[in-house]
Amino acid sequence: MRIGIPREIKAQEGRVALLPRHAQTLVNLGHDVFVETNAGMLSSASDADYIAAGATVVAQAADVYAQAQMIVKVKEILEPEFAFLRPDHIIFTNIHAALDKEQLDVLLESKCLAISAENTHQFGSPNCSLAGEVGAFEAVRMTFAQNGGTGRHFMAHFGERAAKAVVLGLGNVGRGALRTLIPLGVEVIALDTWEGARKAITLENHGNKVIVGDISDLEDHIYDADMIINCVMWPKEREDHLISRPMLSKLKKNACIVDISCDTAGAVETCHSTSWADPIYSVDGIRHFCVDNIPGSVPVTASAGYGEALLPKIIEMAEKGVEKALKENQWLARGLTCINGELILKEAGIYQKRPYTHLEDWLAR
């Protein structure tokens, strides 16, 4: 199969879908890999490294799309790329189709086969942990007085307690946040609906200053918090919120909210995505950090994890053919977004009120 790796064009996105070592694995299996020049530059992967791995480096994104059948990316298809799509393309990237009607329109009109990579990870995206770790680091920075924060140190000193953080959701993202906060000495409240997650966090942090509780205890903890870190993925069709706008007025003055999951008007009603160029905005005096590509700030590490996660799925599609791979791999099939102009992704259909085909019905054909 001909596999293409364009350079990411989302603002402040330094990741690349596959590193040279991943490309070499594909080449060794007999596949052709096309890489746009400088695609791996911010991930410490040079054009020379890709050439040494057996890939072909091409001058621009148009060349990648023209020569490759499968396009592998990190972020969504953006407007400058729309015109490159063809019916025979297999698009494998983080699409987030439910919240991006324009992109989904283009994918459907192109009649390409698109797979949302974010839905294909059985044990969670490897970049989730990085998002939690970096997002919590940004929350700590936001507590500094010069950044508009509460001015409380992340460690307890001189009779003053440490800064207090409330972490919502204890999956891979939440656990990443705890790995940053706990060693710094931050006073942590860790909340989740699932008893199994709560018990695991309690055992993992025996002796550490962590209070673990149910998400229903949220309002017992957030109003004196210096930072609130949301790691809960919120169903797009829900209209309620864990943190509603009226609750903001009750938060501590100069507290901050870091929404790592970054679902627009999701768990945090006042969340909308931002970029690293302009990451913070205020609502009712509360600063919000809602960057939607946090792992892009550590691209060397993030690209390594992302490529390792995607490579087995790419190999399966390239070796078996994409439709056979989808029918045999239920986790890969969970990401099927559209094919031949037909919407398959239920979440996008419900959220955008579009007609869609149930995945089970498509697989049964």
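The values are calculated or read from the model by the stated rules, or taken from the named source; none is laboratory data. The structure displayed is predicted, hence computed values, not measured ones. All Cβ positions, even for glycine, are placed from backbone atoms using ideal geometry, and neighbour counts span all protein chains on display. Ligands, DNA and RNA are stripped out before the accessible areas are found, and what is left, the full protein with its side chains, is counted by its heavy atoms. Shrake-Rupley method; radii C 1.70, N 1.55, O 1.52, S 1.80 Å.
Miscellaneous remarks
- When residue 13 is tested against the conditions (1) on the phi > 0 side of the Ramachandran plot; (2) in contact with a Leu (Cβ under 9 Å, 6 or more places away or on another chain), the lone failure is (1).
- The condition of being of a type in the set (Asp, Glu) and open to solvent by less than 40 Å² (accessible area, probe 1.4 Å) holds for only one of 76, 109, that being 76.
- Residue that is nearest to residue 120 (Cα to Cα), among those in region 310-339 that are open to solvent by less than 10 Å² (accessible area, probe 1.4 Å) and small (Gly, Ala, Ser): 335
- Some residue of region 38-50 being touching a helix residue (DSSP H, G or I) at 6+ places or on another chain (Cβ under 7 Å), among the polar types (S, T, N, Q), buried (at least 19 other Cβ atoms within 10 Å of the Cβ) and part of a strand (DSSP E or B): no
- 1 or more residues at pLDDT 95 or above and surrounded by fewer than 18 Cβ atoms within 10 Å (Cβ to Cβ): qualifying strands (runs of 3 or more DSSP E) within region 192-309: 210-213, 280-283
- Test: residue in region 159-176 that is among the polar types (S, T, N, Q), part of a helix (DSSP H, G or I) and free of Cβ contacts under 8 Å to residues at least 12 places away in the same chain: no
- Residue that is modelled with the highest pLDDT [pool: residues in region 340-351 that are buried (at least 16 other Cβ atoms within 10 Å of the Cβ) and either farther than 18 Å from residue 94 by Cβ or of a type in the set (Phe, Trp, Tyr) (or both)]: 349
- Of all residues making up region 1-12, the number that are touching a strand residue (DSSP E or B) at 6+ places or on another chain (Cβ under 9 Å) and either open to solvent by 10 Å² or more (accessible area, probe 1.4 Å) or within 25 Å of residue 131 (Cβ to Cβ) (or both): 8
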